[in-house]
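One structure is given below, encoded as structure tokens.
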Amino acid sequence: MKKTTLCLLALITISLTGCFSNQQLEKSAQMVGDWKLKGGVEIPSITKHRPSLNIESNMKVSGFTGCNLFKGKVEPIGDFSLPFVTRKMCLPELVKQENNMLNVLRSATSIEVINNSLIVDAGDKFLVFEKTNAS
């Protein structure tokens with residue numbers, strides 16, 4: 001009886017793990033692509049190149065803040081690790097824009113794709129990106 005119960009519990013655990021993994025893979029696949037910033041925290045439009053984000057299939061992320069470039073990694077749950085950010089001299093407005101954007105990315109609590117929009121939520125602040133390469 002104990003062996004049967006143990007086997008049943010093991011099978012349930014394995015099948016639940018498989019469902020969770022498939023959901024994470026599906027969510028990751030939706031995030032892959034090129035994204036342009038559409039709105040969110042205060043982002044002045046003083047540059048002809050909008051801030052952007054690129055997410056690769058291996059979850060590596062790179063982007064442009066309006067002045068500087070960044071690289072790192074993102075988890076489907078919303079954790080951004082951005083160890084590399086260039087440090088060019090920027091106009092004060094661009095520095096504010098960059099700080100707002102990077103702060104939201106670094107403190108993100110969730111990331112979701114809804115109708116070709118990538119929403120990065122950091123609780124009290126958020127960013128909305130629009131997909132630039134429909135797949």
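The values are calculated or read from the model by the stated rules, or taken from the named source; none is laboratory data. Not measured: the values here are computed from a predicted model. Using ideal geometry, Cβ is built from the backbone for each residue, glycine included, and neighbour counts are taken over all protein chains shown. Surface areas here come from the heavy atoms of the whole protein model, side chains and all, with no ligands, DNA or RNA. Shrake-Rupley method; radii C 1.70, N 1.55, O 1.52, S 1.80 Å.
The condition (being more than 16 Å from GLY33 (Cα to Cα) and not basic (Lys, Arg)) is satisfied by just one residue among PRO83, PRO76: PRO83. Could you list all residues from the stretch 71-97 that are of a type in the set (S, T, N, Q) and outside any strand (DSSP E or B)? Selection gives THR86, GLN97. TRP35 falls short on exactly one of the conditions (1) within 18 Å of MET101 (Cα to Cα); (2) in contact with a helix residue (DSSP H, G or I) (Cβ under 9 Å, 6 or more places away or on another chain); (3) modelled with pLDDT of 85 or more, and that condition is (2). Being at pLDDT below 90 and exposed (fewer than 14 other Cβ atoms within 10 Å of the Cβ) is the requirement here; does GLU56 meet it? No: the conditions fail for GLU56.
Restricting attention to the stretch 68-89, report how many residues are in contact with a Cys (Cβ under 8 Å, 6 or more places away or on another chain) and open to solvent by less than 30 Å² (accessible area, probe 1.4 Å). Let's see the steps before the verdict.
At the first step, the residues of the stretch 68-89 found to be in contact with a Cys (Cβ under 8 Å, 6 or more places away or on another chain) are 68, 88.
From the residues that got through so far, the ones that are open to solvent by less than 30 Å² (accessible area, probe 1.4 Å) too are 68.
Result for the stretch 68-89: 1.
Scanning the stretch 107-128 for residues that are part of a strand (DSSP E or B) and open to solvent by less than 60 Å² (accessible area, probe 1.4 Å) turns up SER110, ILE111, VAL113, SER117, LEU118, ILE119, VAL120, ASP121, LEU127, VAL128.
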